[in-house]
Structure formats: C-alpha cells, structure tokens
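Structure record follows, encoded as structure tokens.
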Amino acid sequence: MHWYSFLLYPFALLFNLVTRLRNSFFDQGWLKSTESPIPTILVGNLSVGGTGKTPMVEYLIRSLKDDFKLGTLSRGYGRSSKGFLEANQASNPQILGDEPFQIYKKFGSEIQVFVGEDRVAALQKIKAGKDSPQVMILDDAFQHRSVKAHLNILLTTFQQPFFSDYLLPAGRLRESRSGAKRADLVVVTKCPEEITEGLRNEFKNQISHYAGLKTPVLFSQIFYGKPYPIVEGSKFSTSIILLSGLANDELLVKFSRRNFDVLQILSFPDHHEYSESDFAKLKIARQNYSDKDVVLLTTEKDASKVKSMAPEGFMREIPIFVLPILAGFSTEDEEILMQQIHQKVLKKTKASEI
C-alpha cells in the first residue's frame, strides 16, 4: 500500500458500497444467477491481474484433456472484436485477446477455445453447438456472478494475498475480502520453493477468516521451462534483453537474473499493444550490445504479439526466445484439487451422459 493510499480511501469506500450492493442483489436473488449448462470450473481472483490465472488454467487443461472434451471461455480482455467467437486458424491476439490466443496456440488441436463478454449466452451457444465440450473452464469470471459454476477456484498470490490488500483505488481488490466466501477452493499462487508449515498455517488461518474454515487452501509454485525460439533454428544465448508486458514481472525478473546474463529489462503494462516505437527501442537496445551475442527473451503471452506486430525483417535482426511458464502443486495438494474437481464437476459430466 502506497503512502498516498489514505487519500484514495473515500473512493475505496464508495467502490465497496457499489460492489457490496451488487453482490447482495445476487445473494438475494434480485439479480439472476444461471447455472452453467455444462459442468464448469471457474478460475478467478479478487484482485486486478497478476495472480497466475493462465498458468492455472493451463494446469487444469493438462490434467483433464486426455479424459474429457474440454473448452475454455473468457471475456478476451483487450481484444478488438466483440461478441461470441470460437478460436480458429485465422485467429490472432487482437481478435481473441492475449490469454485465449496463448491457450489456443498451445492446446487448440486438443480443446475448444471461446471468448464472449456474456458468459451465460456464450455457454448456452456452446452447449447447443455440435460436439460441445464435456467440461468448461471459465477464465477470470469470479465477479461474473450471472454464471453459477460447479467449482469456484479463487487465486491469490503469496506476495500480495487478498487478506492484506485493499479495495480499488487504494489497493488492488475488485471487491471486498468477504467475496472469498464464494470460493470452493483457494489457491495461493507463486509460492517460494520452500514454504514452512508454520507459514502455510498462517496463510490458511488468514484465508479461512474470509473463505470459511471448511474451504481447502492449497499452495502452488511457478516453474519456468527451457527457452524456445520463435523462429526455428535460432541459437540461444544466455546474454538476454528481457521483454514483458505483465501485471507483475517480479518473479520473471528474479528467475532471469539467476539464470541468465540480463543486459536490459524492458517492462510494459499488462496486455500492452506493441507499437513501432517499442520495436525501435528494442533495436536500439540490441545495438547497445552489438559486441555481444544477444537474444530477446519474452513470455508466451508477449511472444504472440511480438510475432504478429513486428515490422518486416525485425525477427531476422534479433533472435527471439520464449520462456514457458508452468504451475505446479505438491502431491498432497494436487490430490485435494483433483478430488474437488471429481466430486463437484466430473461426476456431473458422467451423470449427464447416462
């Protein structure tokens, strides 16, 4: 919390009033909440951005895709298109949005990827479509209460957990901490490699104050894979210029500094649309280290935009590599997560097929 946050406190109180009224209208049934016609897992958060939703969605996809027909649905934040769309070979980040396009590029041959602002209407269209998915994963829909999912997974980061955060604009919360009571499961994301049992219990106690004593609290970590090239055949170098457009690049920067020779860091806002001036900056950065064998290292989300927006010839001037990111759980927490999914989602899938 910044020193000037107290000046924003009156606006946070007003924001709290509006969101509480909206939630109470749903709780009282004055605003309608429709159960998803397809067994659905919802992944969301209480804060704005940076909680690791996409790695969590990809984790669920990897865990379930071999046994069930899967689909993902998100709003498609920042896309230029409107309405309901299904990803196809002509799609790009501008049409779908960053995260849906990333998921389509990685899993498009194995799952169906949809975007739509109106999740209720979108789910009904998906259900009515030919060969509809058996299980849907809703990305970033915790505040979209018009849809009632079968399992609500709430994410919060280890670095800035919701129980120590504040409402917008004083903090980063989209709604009050009490919104956690709607979660069936809470996942603390981006945990350090070693987290003591005492610290785990401290987090569980703090979270249960808002989510309830019976709500499971799990802990996940972020793992980075081996960098791979955008243009096949490019040779990797450990001398890198790091490029990203993330809500929080802290872990990415720490990992990169531990494992590579980071010459320069170019950080942009989340969902940044790269422009000609940005590519000009990258060229200058490359020229500043002309005496070194330098590559550009970026995230999977940013790589798609760089590839689609880069001026002609840019990717021949500097090798661009992508650093994949994965979410992981301990064996014990993974078992709890899958038990919850089977009890609340997959049983409904099997029942609907009888």
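Can you give the % of DSSP beta bridges in the chain that are antiparallel, to the nearest 5?
20
With angles folded into 0 to 90 degrees, how steeply does helix 300-309 sit against the dominant principal axis of the chain? Use alpha carbons for both and round to 10.
So the helix axis and the longest Cα principal axis differ by about 60 degrees.
Counting C-alpha atoms alone, how compact is the chain: give Rg to one decimal and Dmax as a whole number, in angstrom.
Rg and Dmax of the chain, Cα atoms, are 21.0, 67 Å.
So for 190, 214, fewest C-beta neighbours within 10 Å to most, what's the order?
Fewest-to-most ranking of 190, 214: 214, 190.
In whole percent, what relative contact order does the stretch 228-323 give with Cα contacts below 8 Å and a gap of six or more residues?
42
To two decimal places, what compactness ratio does the stretch 228-323 give when its Cα radius of gyration is scaled by 2.2 N^0.38 Å?
Expressed relative to 2.2 N^0.38 Å, the Cα Rg reads 0.98.
When a/c reaches 1.5 or more, the comparison of a/b and b/c decides; with that in mind, is the stretch 1-74 rounded, prolate or oblate per its Cα gyration tensor?
It is oblate, given that a/c is not under 1.5 and a/b is not larger than b/c.
Taking only Cα atoms, what is the 0 to 90° angle, nearest 10, from helix 250-259's long axis to the longest principal axis of the chain?
It is inclined by approximately 40 degrees.
Once you sort the root eigenvalues of the Cα gyration tensor of the stretch 40-151 as a ≥ b ≥ c, which label holds: rounded (a/c under 1.5), prolate (a/b larger than b/c) or oblate (the other case)?
rounded
On a 0 to 90 degree scale, rounded to 10, what angle separates helix 197-211 from the longest Cα axis of the chain?
The angle comes out near 50 degrees.
If exposed GluC sites (Glu not before Pro) are those in a DSSP loop with at most 11 other Cβ within 10 Å, what is the longest stretch of the chain that has none?
Of all site-free stretches, the longest is 1-192.
Ignoring everything except DSSP H segments at least 4 long, calculate the 222 nm mean residue ellipticity for the chain; use -39,500 (n - 2.57) per segment, divide by total residues, nearest 500.
After summing the helix terms and dividing by the residues of the chain, the value is -11000 deg cm²/dmol.
Quick check: pseudo-label points 7 Å beyond the Cα along Cα→Cβ at residue 284 and residue 200, how many nm apart are they?
4.9
List 203, 279, 101, 11 from most exposed to least, where exposure is judged by having the fewest other Cβ atoms within 10 Å.
11, 279, 203, 101
Return the distance in nm (one decimal) between the two label points of a simple spin-label model at residue 247 and residue 117, each offset 7 Å from Cα along Cα→Cβ.
The two pseudo-label positions are separated by 2.1 nm.
Put a dot 7 Å past each Cα toward the Cβ at residue 276 and residue 110; how far apart are the dots in nm?
4.1
Subtracting the Cα-Cα distance from 0.36 nm times the residue separation, let me have the gained length for residue 124 to residue 228 in nm, one decimal.
The residue 124-residue 228 span can extend by a further 33.6 nm.
May I ask for log10 I(q)/I(0) of the stretch 133-278 at q = 0.14, 0.18 Å⁻¹, from a Debye sum over the Cα atoms as equal point scatterers with solvent left out?
Treating every Cα as an identical point scatterer, log10 I(q)/I(0) equals -0.90, -1.19.
Have a look at the DSSP beta bridges in the stretch 228-323 and tell me what percent are antiparallel, nearest 5.
For the stretch 228-323, the DSSP antiparallel bridge percentage is about 10.
Taking the Cβ of each residue in 238, 299, 72 as the centre, tally the other Cβ atoms inside 10 Å and list the residues starting with the fewest.
Least crowded to most crowded, the residues run 238, 299, 72.
Number of Lys pairs in the stretch 174-283 with C-alpha atoms less than 18 angstrom apart, excluding same-chain neighbours closer than eight positions?
Total qualifying Lys-Lys pairs in the stretch 174-283 comes to 7.
Here, each number is a calculation from the coordinates, and none is a lab measurement. None of these values were measured; they are calculated from a predicted model. In this analysis, Cβ positions are derived from the backbone assuming ideal geometry, glycine residues included, and neighbour counts consider all displayed protein chains.
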